[in-house]
Structure formats: structure tokens, C-alpha cells
Amino acid sequence: MTLVGWLQIGLILGLVALTARPLGLYMARVFSGERTLLSPLLGSTERIFYWLAGVEPDHEQGWLAYTSSMLVFSATGFASLYAILRLQAYLPFNPRHFANIPPDLAFNTAISFLTNTNWQAYSGETSMSNFTQMAGLTVHNFLSAATGVALAIAVTRAFARHNAATLGNFWVDITRATLYVFLPFSLLIAVTFIATGVPQTLAGSVDAVTLEGARQVIALGPVASQEAIKQFGTNGGGFFNANAAHPFENPNALANLLQIWALLAVPFGLLVTFGKMVGSEKQGWALFKIAGLVLVGAVVIVYAAESFGNPLLTHLGLDPSGGNMEGKETRFGIALSSLYAVATTATSCGGVNAMMDSFAPLGGLVPMFLMQLGLITPGGVGSGLYGLIVFAIITVFIGGLMVGRTPEFLGKKIESREVKLAILAVLILPLAILGFSAVAAVLPSALASLGNNGPHGLSEILYAYTSAAGNNGSAFAGLNANTPWWNVTTGIAMVLGRFGYVVPVMAMAGSIAAKKKVQASLGTLPTDGGLFVGLMIGVILIVGGLQFLPALALGPMVEHFLMLAGKTF
Amino acid sequence: MSRKSESRHQLSLFDPAIMRTAAIDAVKKLSPHALAANPVIFVTETVAALVTFLWLRSLWLGRGDSPSFSGQIALWLWFTVLFANFAEAVAEGRGKARAATLRASRSDTLAKRLVDPEGRSHLDRVYSTVSARQLRVGDVVLVEAGDLIPSDGDIIDGMASVNESAITGESAPVIREAGGDRCAVTGGTTVLSDWIKVRISAQPGNTFIDRMIALVEGAERQKTPNELALSVLLVGLTLMFLIAVVTLWSFATYSHTTVSVTVLVSLLVTLIPTTIGGLLSAIGIAGMDRLVRFNVLATSGRAVEAAGDVDTLLLDKTGTITFGNRMASEFIALPGVELRKLAEVALISSLADETPEGRSIIALAKTDYGIAEPDLTAKSPVVIPFAAQTRLSGIDIGESRLRKGAVDSVLKFVGLPADQVAPEFRQSVDRISRMGGTPLAVAVDHSLLGLIYLKDVVKPGIKERFAALRAMGIKTVMITGDNPLTAAAIATEAGVDDFLAEATPEDKLNFIRKEQTGGRLVAMCGDGTNDAPALAQADVGVAMQTGTQAAREAGNMVDLDSDPTKLIEVVEIGKQLLMTRGSLTTFSIANDVAKYFAILPALFLATYPELGALNVMRLSSPQSAILSAVIFNAVIIVLLIPLALSGVSYRPVGAAALLRRNLLIYGLGGLIAPFVGIKVIDLVVTALHLS
């Protein structure tokens, strides 16, 4: 670990903290229907969309109607994206004449982009046409992000309102999220990326002759535009297989800084939005601290683990001061690779600028654990916020009792129904992650995809389902995920992680919105102080994380101890 | 909290008789049907049965773990279930004992049913003797001295002193009379003197005592809303760990490790929240029981929980905040009048006054002014009793007429026009009124001597209690029939947050509604029929046992001691119940961390000796580690029974301070305690060569 490394990490995280408030307050205005700077520019466009779709913007929906709209919207999105993938050979903008995508991969990819997971069992530059990338994948980068934000806003409204039957209008919320948040910022970010050297072209590739005289096909395409929303919408689906480690996606330190900022900006900003909309900015900052502290703690561990290097290699005469540079880009170094790895798994981004498979065991354990916590520190755009709220409810339930009152969060009594729905949501992750991993760990056809055996192989399996169910999409690599078994099961895990999680959460929001608001007094558990921050981190780690410990013990943990003992496998 | 009412007719927490019954009940409760209501313990029992089967199999077929190991695990798993059952049985024990006492008083009594209920004359008391069970609502019975009142009802004629100790435990008799707010009588109590005619108001089997028996026995016990919610959380955690343990088998297979079923289920049972799962219902029952020990009966557990949530307390001024009677606190002489003279006249004029106010005047004159009580028998004094028309009372001794009474009346008596009164006198009258007191003027013949300051005396210590309530975030509101000026003065002195002056029953009801609309929970107590709507509207309505039937049915709690101050204790008991639940849940969940550190390295030590690094407790062997964790898991339930039953200690401080304290004790303590406990058990297990 170096001072420069820490300064780089501090600079980027500081930037995120600095922009969270303005961005968060801006989003609060957008979703409250107030005028913003962009209203004169986009107001008429917004109204035209509503007119075209026959949406009455003032007509609000109850939780069931809101959720149904979301499901219908997602199902339509799935069908259209699946069709594009299956038919890309017949569609325009396919300069390199890529074939249609096979059914299992198309299913997996469509689900993946629909759920904001962006798990990529394919290699973009060798299988997806420009049309697919732009009209299919990039479109869903926007829509899946907007859907997440809309859902989070609906849940936020449940706490802001009392005795309310409605949570807002889904169509209005996704329109606003796309028009006012994701499009304008992505435009700015894309232009900045282009300035740092990221290509933006409709050309398929250029041919080059290398110094050795070999012919090399260098893939190109509309990279910058996809890269912008990939980060800003915490999608993570790269244009190239190497993702943000590829020099065209992430050419230099400035681009890298922007990448990390962009993927953290909205998830952290939304916490401020939440506070603002429920009438207690302090509450938003408390959630901010919870997510921030876990994130910083994770960065410290990963950075330390990676800097420590590999004693096995030291034994062979390698200078340990260089740390573990395997799978990392020299232009980013250990500090920024560690920060990227944590940021991308603490959110649902899942893009990578270094190969996780090559991280030290603990360096790989932490990202996996962050995802298993439910991607809530601060999580994906929107999904992170409502995930945090679920944990806040569980924390309040336990903590509230300890102060001698039946629990309440932001004036809303937390009763049996809310606890039931929160627990139902929280159960989805262990079920999907551990359930599928357990089957895969003993299924020969699944095991055939592993790049390693022993504990590291188990880590690969666990990581794949964790990433899918958490809607993260990052890959541990080393696993050939493009087989029918992996395509179908990770696809199902992604659906469970997104919709299996959010439907109970929305039902919970509906029941919370209908409750009256209880006045806070000195006897009420303060949910915006340091004590609550600590308690909630404890609950997240123990309730959200402990159940994964046995599996992790057999994967990365044992790997770590084997490495320390100087053993290989 | 006052120990006064608690000490009465109570069995100790661990009475040997209760313990014996509880031990037997614990075994009876093993029936899966009985355990189905408690999912966590039900899972434990299922697992215990499974391990017992595995033990038998290893015993006969020699397969699997060593019989000694699986046998011990099975044994401790059964103990876990038994300990949880025992906790519940102990909690129920005291209630059952009390129910038995109550049943005795319910034994079939004979009733004198009047043939002609409308007969008003004493001579018309013709009755037929019937069994109490045959009485129906509307029947009128005669109850005479020495009779047991056969059922609940209202007195329609007569007056009697009644011993209500069967219900309240208080042996001092109370007066019950027809009309007014003291007309209700309860079946099972005894008339000591005189006679009454009672119109029966309860069907047989549904009397107050019947309901009381059902309540203290816990026969009708249903999970309260919060208990239900917590159960859901516990089921969720159980499922979560079930997933973790079941899938572990597959991961172990992948890692070429064989993990025996016994070991896997040991991990499961130690991880699922057995501690709180085993103690949850005991905590609830004990909370209700604590109320019963304070002589308060809650008709539902929901009411006890609501008590913990109360934000606003409505308290009647008289009897709760102030003593029921005004007391003389000062004599104020007119200029030129000797203070001793005033005190002496005040004393003499009050000699025949048997009211508490009159006696307080005598007491003040004697103690503070050293006036001796003169012997007037020789002077043949004539007592002038208080009359509503004159609003005066006093005494005539020979020619001199001594009087005390309302200021205006006394002025009229001395024949002094209001504008000729000394200004000092006027000022004193105003001052006393402002301070919430009542001025009484004193005169002899035609000369005005001065004033007696009758003070509404605020109970000592009540201000501190209100301050404590404020720190807990509870607002106190004083209800009084006084005018706003007087009410404000007493409110300030007592330190209440708000007051409702010149309050009518409708005002009370509206005030409660207003508070509830503002998102606050309200508690109040009352006894009169006109309190009934407000009692029903309040979230916690405590009716006085001495109150009317209507009031007792409207409230969701009945205070058998009829002490309105108890509302404060009721709130504290509600809070304590919830705190105990939360603290033990936190403790239970925090325990899991240490259990992982005990069992995980033990599970895979054979395949990956490197995982021994996680064995931070340095437990001697894998088997002893697992056994120790299972033993700790069982024993901790027993160790926590006293805490579950008596409740975690409660202090009236704000929520933030409470959270800090409980988090430190039960959160941090819950993290650390099992590390120590498991290590100690491991040392014992190793020393005894149990593994």
C-alpha cells in the first residue's frame, strides 16, 4: 500500500461524496415533479411521450398496479431483446456479419440486460452486432437502470406518505429517470470518455499489421456511448470481453476516475434523494454512512490483500513489494484496481478493470461477500436503495424492541406483514446463490466449465451465482459460462434476484404507504445517528452475510490459508 | 416501581412447587402438536429425533459417528427443547397457581334470587335459593352480610361493605352502594355487613373472575402482533440457515470432505435462533404476569405492547397528581390581627368538622402554630354544620360565633361590603386562587380575622416521575374539572406537559381523538360510566376495579387496586416486555458469530487442516468443539430464563441511551459471551473425556 494509492482512492471517493448531495437533490426534484434546470428543454418531450403512450401522468398507481406495470414493461423488454439477439444476422448494422445468438445464450443475455445484471456469457466484440449493442443492449442499459430507480422511488414514497393508497406512476417515473437523469448525464460522460480516447464509431473494426508482420483485427464500435451508461446505470456490461481493462473502454487514469465516479454517483446520490423525499436528509446521510463505511472497509481489506502479494511467488524469488499484479493493468495499479473491484461489486455494476480470478484469495473474497450482502453498499441504481431499506426495516425491528417500543421506521410501524415481506426478499439471495451453487458443485456437466479445481473452483461457482443473483454481472473469469446449464441457471438466478426480490419489497411498500405516520418522540429509536449506523452494519453483516460463511470457508478462505501455508492445489 | 402491591399474595419466581410442575409440563410440551406453534423449537425437536435415530443406528449397525458422540449430541438437542419448554412452563406456573386460588372462590355458590325484584320495601325480600350457575342477566339477587356475591352485577338498592380480597388481594373492605360510580360488585367477593340487591350483569361462565382465570392461566393466550412479527423473523432466519446447512453438504462433497449428518444438524441448531425462539413465549407470559403482580389485568397481550408505545398519558388530577383532598397549608392574618388568634379560631371552628379539609386545619394549627385543643365541653358549644346555602360552618360558644367558609359568604356574615375589605386581604385571596388553592375566610362575630390557604397538594415525587416520563418521550396531560387558572397553577407545580381544564367526558374523548390523529398513542384511566367512551377510544384504557361495569368493559386493562398512578407502571411494564424481547433477540443473533468460529474449522479440519487458523478459541478437538457449541446453545436457554421472566432492567431514559446500553450488554455481550462459554465447556468436556 502506498500513500499515492490511498490518495487516488481518497480522491475518487471524495468526489463521489461531494457530488452525492447536488445529484441527490436534483433527483428528488425530478421525481417529485418539480421544475429543474432541464425542464424547459425536456418538458415537452416528456409530455409527448405520455401522449403517445396514453399515460395520464397525474394518475397514480397502487403497489400492485405499479409492480404489474413494471413486470409488463420488463416482459416486453425481454421479448424484444430476445428477438433482436436471435435475429441479428437479418438486422442492419452488422458490419462483421455476426450470426444469430443461440437460444440459451440469447435467453441468458436478454435476462441479464433486463435485470441490470449485465452478466456476459458472450464476448461482445466477436458476437454482437452494432445494432444489437446499440438498439438492444445499450437501450436496456438505460431502461433497466431507470426501472431500478423507479422502484426505489416508489418505495421511498411509501415512507414519505401516510394513509396513502398509491406509490406514484411507473410510466412517469421511468420516463423521468431516463429523460432527466440517465440520458443527459450519459451524454456528458460519453463525450468525456471520447475526449480521453474511447472510440465512438459505427465502423466494425480496423485491420492492422503488427511489428511481427501478423495481421490483427482491432474491434471498434460505439464504445463511449455504451461505456457511459454502463457505468452510470451500474450496468457493467462491457463492449469488449475484457471490460474496463480493455484500453478502448478505459484508456487511462482520468477515464478510470470517471468510470468509478460514474458507477458510484447515482447509488450514493439516491440515498440523499431518499432522505430529501422522506423529509429527513439526515436519514439519507445515515444510509450514506452505512454504505460508505462498508465500502471503505472493503477497499482497505482488498487493497491490503493485493498489496501483500503471494507468498508462494515470494518464495520463488519474486519481490513481494510489488504486490499481486497478476491480472491487473499497469496503468491502474493495485490501488485503483482494488477500488474498482470493490466499487463494482458494492454496486450492481459488475464491470471490471482487472481480473478478479487473479486476485489474492481475500481480495476475491471481499467482492464476493459484498455481493452476497445483497448489493446494498450502496448497491445498484435503485436496487441498492430498496435493499438498504429492507435491511433498515430488519434493523429497526430488532433495535426498536430494544428501546421498549414496537418498532417503527420513519414513523411507520413495522409489523408482521412488513417483516414477512422483508424476510421473503432477503431469503431470495441465499436460496438462489447457495441453492444453484450446491447443485452445480456436484453436477459433472456444470463442473466441466470450471477453469480451476479445488477451493478456487468452488469460488468460481459461488462467484457466478452470487454475481447473477445479486444482479451484479461481474465475472470471476476462469469459468466458461456459455453452456446451456450455466446460461439457464444463471438466467433464473438473475430473475429471482431482481423480480423475486422486488415484488415482496413493493408489496411491503404498499402496506407501509397505507400506514399512518407515528409522531417521533424521545422514546423513538433514532434511526439517523451513529449508533443506528453501527447497529445496521452489524445486522447487514450478521443477518445478510453469515449464512454464506460455510460456503466461503471452503472456497476463498481455505484458499487464503493454503496460500499462507505455502500450499497449492 | 413500588413493591407494595407486588409483595402481596405472590409466589416467588422459582417457587419449588412451580418448578416441579414446570419440569413435568416441559416433558408434556414435547408433543409435536404443542410445539408446532414454535417453529424454531419444532425444528430443533425434529433434528433431535433425527440424531437420536442416527445414534441408535450407529449403536446397532456401527455406522456413522461414534455412538458416544451422536448420543451426546442427541441428548443435548433434547435438552435444548426441554429447556425451552421448561422456560415456558415456569412462566405459566405462577399464573396457574393464581388461577387455582381464583377457581376456589368460584366454587358453586347459592344465590337468593328475588321473586319480586321491583319490591322496594324491606319486608318484600322474598327469594328462592338457586345455584349461581342458574342466574341469568337481569335477575335480581339479595346478598346479605356473610354471603358470597354470586355473580357480577350492579347494586340497585342498598349499601354494604364488601371484602374484595378474592380479586384484589386487599382485605380492607370497600363500600358499595346503589347509584353512582360505586355500584358494581364482582362475583366471588363477600358482603361483610348490611345487604344489597344486585342486578346480575354477566352470564354464567363469563363473569369477571372467569375471565380473570382465563387470563392469568394463559389459556386464551394468543401471540401478540409484535410477537407474531418476531416469530416471522425467527422463521426467516431459520430458513436462511437451513439453506446454508443443506447446501453445505454439497460443497463438502465437492471438497472431498465427508460431513456427517449429526455434525451438519449440530451446526444448524446452533445457528438458528433457539435462544430467543425458546424464550419468546416465556417473555410474553412473564410480561402479563408482571402486570398481574401489580394487580393489573390486561384483557389482551396487545394492550401490554400498546402500553410500551404510549406517547401521551392522560391523568386525572384528583387522586393521581394531587391527593384527593385539599389541605390547609397556611394561615394568613389580616393586618392588626395576631396570627395565633387566627389559628386558634380556625382550629376551634373546625373542631366539629369531620371533612379531611377540616381535620387538616386542626392539624396545621396544632403542629405549625402550637395551638392546643381547648376543652369546650363545659361551655356547651353549638355546632353550626356546613350548609350549601350558607357555605359556612363553625361553632357558637356562648355569645361568640366563630365561622369559617367561602370568602364571599364570610364577608356577608360579618356584614362587610366587598369594597371596604382591606386590600391585603383581597391580594391574599387572589394569590391563593392563582396558585390553584382555595381561600377560606375566618371570622369571629363581626370581625374578619384572616384566611386559611387550602392547598391542592401535589403528591410528593410525582414531578420527578413526570420528568422521567418526559425523558422517555411520554407527554403527560392533566385532566381536571378546575378552571383554567387553577389548572395551570397545579400543572406547573406538578410538572405536567399539558392540561385539560373544565374537562367534560366529551372533551376527554375529543382530546384522545386529536392526539391519535396526530399519530400518538394515548393511555388513560377512568372509573365512571361517563369515562367509558374515552376508555374505549384510548389505546390503553385502564379501568378501576372500583369503577362501574361499563368502565370495566370499555378499558383493555383493569386495575384491581384502583390506583390511577399505576398507569405509569403499566407503561413501564409494556416497555420492559418489548425490551426483553429485543435484547434477547439481539443476544441470540450475535451468538452466531462465535458458533461459526467453533464449528466451521471443526467441520473441515480433516480435509483442510489450514482452516484450523479459524479455531480462535483453540478448542481441543473437532468433536469437542461441536459438542461444546451444542451444549452452550442448550445451557444458555436455562441461564437466561431468570432474565426472560423478570425482564431486562428498565430505566426511564431516552431511546438513544437505552439503545446504547442494551446494545452494549446484549449486542456486544452476545458476541463475546459464547466465545468464553464455549471455551469453558470445551475445557470441561475435554477434562471429562466426553469427546
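The values are calculated or read from the model by the stated rules, or taken from the named source; none is laboratory data. Just so it is clear, the model here is predicted, and its values are computed rather than measured. Please note: Cβ atoms are built from the backbone with ideal geometry, for glycine as well, and neighbour counts cover all protein chains shown. Only protein heavy atoms, including side chains, enter the accessible area calculation; ligands, DNA and RNA are left aside. Shrake-Rupley method; radii C 1.70, N 1.55, O 1.52, S 1.80 Å.
Evaluate the distance, in nm, between pseudo-label points positioned 7 Å from the Cα of A:SER68 and of A:LEU187 along their respective Cα→Cβ axes.
Output for this residue pair reads 3.6 nm.
Can you work out ³J(HN,Hα) from phi for every residue in the range B:531-543, in order, using Karplus 6.51 cos²θ - 1.76 cosθ + 1.60 and θ = phi - 60°, giving whole Hz and x for Gly and Pro?
Residue by residue, the range B:531-543 yields 7, 3, x, 5, 4, 6, 6, 5, 6, 10, x, 9, 9 Hz.
Before I look further, what does the range B:466-560 give for accessible area per residue, probe 1.4 Å, in whole square angstrom?
32
Per residue of chain B, what 222 nm ellipticity follows from adding -39500 (n - 2.57) for every DSSP H run with n ≥ 4, rounded to the nearest 500?
After summing the helix terms and dividing by residue count, I get -16500 deg cm²/dmol.
Find, among the GluC sites (Glu not before Pro) in the range B:147-249, those assigned to loop by DSSP (not H, G, I, E, B) with at most 12 other beta-carbon atoms within 10 angstrom.
Values: sites: B:GLU164, B:GLU170, B:GLU177, B:GLU217, B:GLU220, B:GLU227; in loops: B:GLU164, B:GLU170, B:GLU220.
Within the range B:147-249, the qualifying GluC sites (Glu not before Pro) (loop, at most 12 other Cβ atoms within 10 Å) are B:GLU220.
Please give the helix B:261-271 orientation as an angle from the longest Cα principal axis of chain B, in degrees from 0 to 90, rounded to the nearest 10.
So the helix axis and the longest Cα principal axis differ by about 20 degrees.
Between B:TYR369 and B:THR318, what length in nm is gained on full extension when 0.36 nm per residue of separation is reduced by their alpha carbon distance?
Additional length available on full extension: 15.5 nm.
About its Cα centre, what dipole magnitude does the protein assembly as shown give when the only charges are +1 on Lys and Arg Cβ and -1 on Asp and Glu Cβ, stated in debye to the nearest 20?
Charge dipole, the protein assembly as shown, about its Cα centre: 1080 debye, nearest 20.
How would you order A:116-124, B:510-518, A:131-139 from highest to lowest mean count of nearby Cβ atoms within 10 Å?
A:116-124, A:131-139, B:510-518
Quantify how strongly other chains surround peptide B:644-656 by giving the mean number of their Cβ atoms within 10 Å of each of its Cβ atoms.
3
Anything losing 10 Å² or more of accessible area from the isolated chain to the full protein assembly: pick those residues out of the range B:183-230, probe 1.4 Å, ligands and DNA/RNA ignored.
Listed in order, they are B:PRO225, B:ASN226, B:LEU228, B:ALA229, B:LEU230.
Using a 1.4 Å probe over the heavy atoms of the protein chains, calculate the carbon and sulfur portion of the accessible area of chain B as a whole percent.
Of the solvent-accessible surface of chain B, carbon and sulfur hold 60 percent.
What residues does the range A:513-529 have that are buried by at least 50 Å² of accessible area in the full protein assembly compared to the chain on its own, 1.4 angstrom probe?
Correct list: A:GLN519, A:LEU522.
Over the residues of chain B, compute the C-alpha Rg and express it relative to 2.2 N^0.38 Å.
Scaled against compact globular proteins, the figure is 1.28.
Write out the trypsin sites (Lys or Arg not before Pro) in the range B:618-674 meeting two conditions: DSSP loop, and at most 10 other Cβ atoms within 10 Å of their Cβ.
When the trypsin sites (Lys or Arg not before Pro) of the range B:618-674 are filtered for loop state and at most 10 Cβ neighbours within 10 Å, B:ARG618 remain.
Which of the lysines could be linked to B:LYS197 by a straight reach, that is with a Cα gap under 30 Å, when you skip same-chain ones fewer than 8 residues away?
The qualifying lysines are B:LYS112.
Would you calculate the separation in nanometres between label points at A:LYS516 and B:ALA37, each defined as 7 Å from the Cα along the Cα-to-beta-carbon direction?
3.1
Report the B-A buried area as the accessible area lost on both sides summed, probe 1.4 Å, in Å² to the nearest 100.
Between B and A, the summed buried area is about 5200 Å².
Rolling a 1.4 Å sphere over the protein heavy atoms, what is the accessible area per residue of chain A, to the nearest Å²?
Numbers: 18460 Å² over 569 residues.
So chain A comes to 32 Å² accessible per residue, rounded to a whole number.
Going by average Cβ density within 10 Å per residue, which order do the peptides B:74-85, B:17-28, B:579-590 take, highest to lowest?
The packing order, highest mean first, is B:579-590, B:74-85, B:17-28.
What nm value, rounded to one decimal, do you get for the distance between B:LYS463 and B:ILE24 when each label is placed 7 Å out toward the C-beta?
Going from the B:LYS463 label point to the B:ILE24 one covers 5.6 nm.
When the accessible area of chain A is computed with all protein chains present and a 1.4 Å probe, what percentage of it is carbon and sulfur?
Accessible surface attributable to carbon and sulfur in chain A totals 68 percent.
Output the residues of the range B:587-612 meeting this criterion: accessible area (heavy atoms, 1.4 Å probe) in the chain alone minus accessible area with all protein chains in place is 20 Å² or greater.
B:ILE589, B:VAL593, B:TYR596, B:LEU600, B:PHE604, B:TYR608, B:GLU610, B:LEU611
Give the shape of the protein assembly as shown as rounded, prolate or oblate, defined through the alpha-carbon gyration tensor: a ≥ b ≥ c are the square roots of its eigenvalues, a/c under 1.5 means rounded, and otherwise the shape is prolate if a/b is larger than b/c and oblate if not.
Note, shape of the protein assembly as shown comes out prolate.
From the helices alone, meaning DSSP H stretches of at least four residues, give me the mean residue ellipticity at 222 nm for chain A, per-run term -39500 (n - 2.57), in deg cm²/dmol to the nearest 500.
On the way: 23 runs with 334 residues, N = 569.
For chain A, the value works out to -19000 deg cm²/dmol.
Determine the gain in length on full extension of the stretch B:VAL680-B:VAL115; use 0.36 nm per residue of separation and subtract their C-alpha separation, reporting nm with one decimal. Can you show the working numbers first?
On the way: separation 565, 0.36 × 565 = 203.40 nm, distance 7.61 nm.
Contour length minus Cα-Cα distance gives 195.8 nm.
Quick one: which residues, 5+ away or cross-chain, put their amide H under 5 Å from the amide H of B:ALA333? H built at 1.01 Å from N.
Counting only residues 5 or more places away or on other chains, the set is B:LEU451.
As an exercise, identify the GluC sites (Glu not before Pro) in the range A:31-130 lying in DSSP coil whose Cβ has no more than 11 other Cβ atoms within 10 Å.
Sites meeting the loop and neighbour criteria: A:GLU34.
Given axes a ≥ b ≥ c from the Cα gyration tensor, I'd like to know whether the range A:1-116 is rounded (a/c under 1.5), prolate (a/b larger than b/c) or oblate.
Values: a/c = 2.08, a/b = 1.13, b/c = 1.84.
Oblate, since a/c reaches 1.5 and b/c is not below a/b.
As an exercise, use a Förster radius of 45 Å and the Cβ-Cβ distance of B:SER66 and A:ALA448 to find the FRET efficiency, rounded to the nearest 0.05.
0.75
Say R0 is 35 Å: what FRET efficiency, to the nearest 0.05, do A:LEU41 and A:LEU254 get from their beta-carbon distance?
Efficiency computed from Cβ-Cβ geometry: 0.80.
Give me the aspartates and glutamates in straight-line cross-link reach of B:LYS679: C-alpha distance below 16 Å, same-chain residues under 8 apart excluded.
B:ASP592
Kindly identify chain A as rounded, prolate or oblate by the Cα gyration tensor criterion: order the square roots of the eigenvalues as a ≥ b ≥ c, call it rounded if a/c is under 1.5, otherwise compare a/b with b/c, prolate if a/b is larger, else oblate.
oblate
Which residues' amide hydrogens lie under 5 Å from the amide hydrogen of B:THR322, considering only partners 5 or more residues apart or on another chain, with H built in the peptide plane?
B:LYS459
Suppose every Lys and Arg Cβ carries +1 and every Asp and Glu Cβ carries -1, with no other charges. What dipole size does the range B:28-97 come out with about its Cα centre, to the nearest 20 debye?
On the way: 6 positive and 4 negative charges, 30 e Å.
That gives the range B:28-97 a dipole magnitude of about 140 debye.
Can you list the aspartates and glutamates whose alpha carbon sits under 15 Å from that of B:LYS595, skipping same-chain ones fewer than 8 residues off?
B:ASP682
List the residues, sorted by chain then number, that are 5 or more residues from B:ARG401 or on another chain and whose placed amide H is less than 5 Å from its amide H.
HN-HN under 5 Å from B:ARG401: B:ASP445.
Apply the membrane-span-like helix rule to chain A: whole DSSP H runs, Cα extent along the own long axis of at least 24 Å, mean Kyte-Doolittle hydropathy at least -1.0. List the helices found.
For chain A, where a helix must reach 24 Å along its axis and average at least -1.0, the hits are A:3-31, A:63-86, A:139-160, A:253-277, A:281-308, A:383-402, A:416-442.
Using the structure shown, select from A:LYS420/B:LYS514; A:LYS515/B:LYS508; B:LYS29/B:LYS223; B:LYS366/B:LYS404; A:LYS412/B:LYS463; A:LYS413/A:LYS516 the pairs with a Cα to Cα distance greater than 20 angstrom.
Check vs 20 Å cut-off fails for A:LYS420/B:LYS514; A:LYS515/B:LYS508; A:LYS412/B:LYS463.
Dipole of the range A:38-266, Cα-centred, from +1 at each Lys and Arg C-beta and -1 at each Asp and Glu C-beta, to the nearest 20 debye?
On the way: 8 positive and 11 negative charges, 23 e Å.
It comes to approximately 120 debye.
So between B:LEU228 and B:LEU50, what do we pick up on full extension, going 0.36 nm a residue minus the alpha carbon distance?
Net length gain for the segment: 61.3 nm.
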